[in-house]
Amino acid sequence: MPPKPLEPLAKRVMKGVIVLELVGVFGAYGLFHMMNNSQDFRNTMNRRFPSVLEVYYQSNEWAGINGLREKDQDAWAAKRD
């Protein structure tokens, strides 16, 4: 029985979806890692993408890491003065 003509296309599409998901996961991890290590980068994210920074703060609070938001706000206020 010959293979169906859509079978190779379906395999390529699935491989593409898997690659996109992996790129997304590693990209999200990289972004989290940069925000976790640099207060200046968090300040940049606050100015450009405040909703992403809010998700970062919420994920840390859910993990039991509290007070990071307040430390950042205090440090940024001190820099402005």
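Bear in mind that the values in this text are calculations on the coordinates, not laboratory data. Computed from a predicted model, the values in this text were never measured in an experiment. Ideal geometry is used to build each Cβ from the backbone, glycine not excepted, and the neighbour counts take in all protein chains shown.
In the list Ala28, Ala10, which residue meets the criterion of being over 13 Å from the mean Cα position of the chain (by Cα) and either among the charged types (D, E, K, R) or assigned to a helix (DSSP H, G or I) (or both)?
Sole residue among the options that is over 13 Å from the mean Cα position of the chain (by Cα) and either among the charged types (D, E, K, R) or assigned to a helix (DSSP H, G or I) (or both): Ala10.
So Gly64 passes all but one of these: (1) of a type in the set (Gly, Ala, Ser); (2) touching a helix residue (DSSP H, G or I) at 6+ places or on another chain (Cβ under 7 Å); (3) not in a helix (DSSP H, G or I). Which condition number does it fail?
(2)
What are the pairs, 6+ residues apart or on separate chains, where a residue within segment 19-31 that is without any contact (Cβ under 8 Å) to a residue 60 or more places away in the chain has its Cβ under 9 Å from a residue that is surrounded by 10 or more Cβ atoms within 10 Å (Cβ to Cβ) and part of a helix (DSSP H, G or I)?
Hits for this filter: Leu31/Met45; Leu31/Val52; Leu31/Tyr56.
What tally of residues in segment 27-58 results from selecting those that are surrounded by fewer than 13 Cβ atoms within 10 Å (Cβ to Cβ), closer than 20 Å to Ala75 by Cβ and of a type in the set (Ser, Thr, Tyr)?
Qualifying residue count, segment 27-58: 1.
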